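J.: Take this structure first; my questions come after.
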Amino acid sequence: MTISRRMYLDHAATSWPKHPDVLDAMDRYARECGAASGRGQYQSANQADAILHSTRRGISRLIHGASPNSIAFFSNGTQAINAAIAGIVRDGDHVVTTAAEHNSVLRPLSHLARTRNVNLTIVDCDRDGVVCANDILSAVTDATRLVAVTSASNVTGAEQPIQEIGQGLKQASQTPSSPAFLCDAAQSFGYLRIDVEAAEIDLLAAPGHKGSGGPQGTGFLYVSPAWHDRITASIFGGTGSQSESMEMPESMPAKLEPGNLNVAAIAGWNVAIEQLASRNDEHYAAALAAVSKQLNDGLRSIPSVTVLGSPARLPIVSLTIDGFPPSDLSAILDAEFGIEARAGLHCAARIHSFLGSAPEGTLRISGSAETTKQEIAFVIDAFRQIADSVH
């Protein structure tokens, strides 16, 4: 299906278009290999294993992880986060998280609070959607098992003080019972460099289909070596090894990867990861910042447009226009201008109470480093026309 006059600006949901080399790698695997990984010793099965190992190694290098074996694959970031939470939190534990979180964090924690007597503390954010590191650290008690914080808001693009939180947690408690630090890197992985060692991150989860340029159906969880033995499986089944045992393997990443993995999608993701590793970070960061600045400057210059939060390095802008529900704005942009953007709460309802955009949410424009100046100028002009139409 061909969509005419299409301007895709919903990269915070999923990046598009995918690089041709990514698509070619997926097609090549499906046509020329097609074997399952970890299920045989023949040549094509070994090729599938090699694809997985290459991708684990590439991700580990990008985030400065301890080893490729610390990377477990999932079908998306939400499943990776659920595996982290279910694998770490026990009945009666205390968990600290924030009002800036996505439902992929808040819903599993809420479920555990209802069903397993987990004590949940949700720390407030400011009117820009940013949490205070000291507020997080002050909420930690001797019973805290997990601290879960997003690296960047999917609503405003605001970055959270991840390194300050991670280092503060480690400095405050050096005992084996110190809480695990889980970071949701859905909006930052692939766009911004992440160093799990420098930030003292124990668990890092992200999808592959956003900033890293992979296809949908991909995601990973990084588990630091200190937590390899302490994280438990939450999904059970065949792993291709130790089949004689009724228990899941104890080693990473097999203990978290039952069933067949999506090797075709991971083959494409592997190419995207290789491209990330070879790019010029300074040029890329400058391109992202330029898109963000042009979007913010242009949209904030329109009197009836309210942009929520502060300008950020990520090109994500959430806004409202007087007299237009966000859902109507999205429909007008699509029908009249061919601009594809998302309206609503963006699966992160709590943050809107602090941004002032509850209960309807916002219209979110999210670009990429490849979004052009001409495209942004067109978007800004479209919003001017919409804003002028009510006067």
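J.: Among the listed residues Ile351, Ile302, Ile339, Ile332, identify the single one that is in contact with a strand residue (DSSP E or B) (Cβ under 6 Å, 6 or more places away or on another chain) and either hydrophobic (A, V, I, L, M, F, W, C) or closer than 20 Å to Val390 by Cα (or both).
T.: Testing whether each residue is in contact with a strand residue (DSSP E or B) (Cβ under 6 Å, 6 or more places away or on another chain) and either hydrophobic (A, V, I, L, M, F, W, C) or closer than 20 Å to Val390 by Cα (or both) leaves just Ile339.
J.: Within segment 292-326, how many residues are more than 17 Å from Leu363 (Cβ to Cβ) and part of a helix (DSSP H, G or I)?
T.: 3
J.: Consider Gln47 against the criteria (1) open to solvent by less than 70 Å² (accessible area, probe 1.4 Å); (2) part of a helix (DSSP H, G or I); (3) modelled with pLDDT under 95: it satisfies all of them except one. Which criterion is unmet?
T.: (1)
J.: Can you name the residue in segment 256-266 that is open to solvent by 10 Å² or more (accessible area, probe 1.4 Å) and touching a residue at least 40 places away in the same chain (Cβ under 8 Å) and, of all such residues, is farthest from Ile81 (Cα to Cα)?
T.: Here the residue is Ala264.
J.: Determine, yes or no, whether Glu200 is open to solvent by 10 Å² or more (accessible area, probe 1.4 Å), touching a residue at least 24 places away in the same chain (Cβ under 8 Å) and assigned to a loop (DSSP other than H, G, I, E, B).
T.: Yes, satisfied.
J.: Do any residues in segment 289-308 that are on the phi < 0 side of the Ramachandran plot have Cβ atoms under 7 Å from those of residues that are buried (at least 16 other Cβ atoms within 10 Å of the Cβ) and among the polar types (S, T, N, Q), where the two are at least six apart or on different chains, and which pairs are they?
T.: Qualifying pairs under 7 Å: Val291/Thr371; Thr306/Thr320; Val307/Asn296; Leu308/Thr156; Leu308/Ser318; Leu308/Ser357; Leu308/Thr362.
J.: Here is a list: Ala148, Ala84. Which entry is part of a helix (DSSP H, G or I) and of a type in the set (A, V, I, L, M)?
T.: On inspection, the qualifying residue turns out to be Ala84.
J.: Residues being assigned to a loop (DSSP other than H, G, I, E, B) and more than 15 Å from Arg350 (Cβ to Cβ): count how many of those fall in segment 126-142.
T.: 4
J.: Taking segment 70-94 on its own, how many of its residues are buried (at least 18 other Cβ atoms within 10 Å of the Cβ) and closer than 16 Å to Ala265 by Cβ?
T.: 9
J.: So which of Ile235, Ile273 ends up being assigned to a loop (DSSP other than H, G, I, E, B), among the β-branched types (Val, Ile, Thr) and under 22 Å from the mean Cα position of the chain (by Cα)? Outline the logic, then answer.
T.: Working: Ile273 fails: assigned to a loop (DSSP other than H, G, I, E, B).
Matching residue, one of Ile235, Ile273: Ile235.
J.: Could you tell me which numbered condition Ile365 fails, if it satisfies all but one of (1) open to solvent by 10 Å² or more (accessible area, probe 1.4 Å); (2) not in a helix (DSSP H, G or I)?
T.: Condition (1) is where Ile365 drops out.
The values are calculated or read from the model by the stated rules, or taken from the named source; none is laboratory data. Note that the structure is a prediction, hence the values are computed from the model and not measured. With ideal geometry, Cβ positions are generated from the backbone for all residues, glycine too; neighbour counts draw on all protein chains shown. Calculation scope for accessible area: heavy atoms of the full protein, side chains included, ligands and nucleic acids excluded. Shrake-Rupley method; radii C 1.70, N 1.55, O 1.52, S 1.80 Å.
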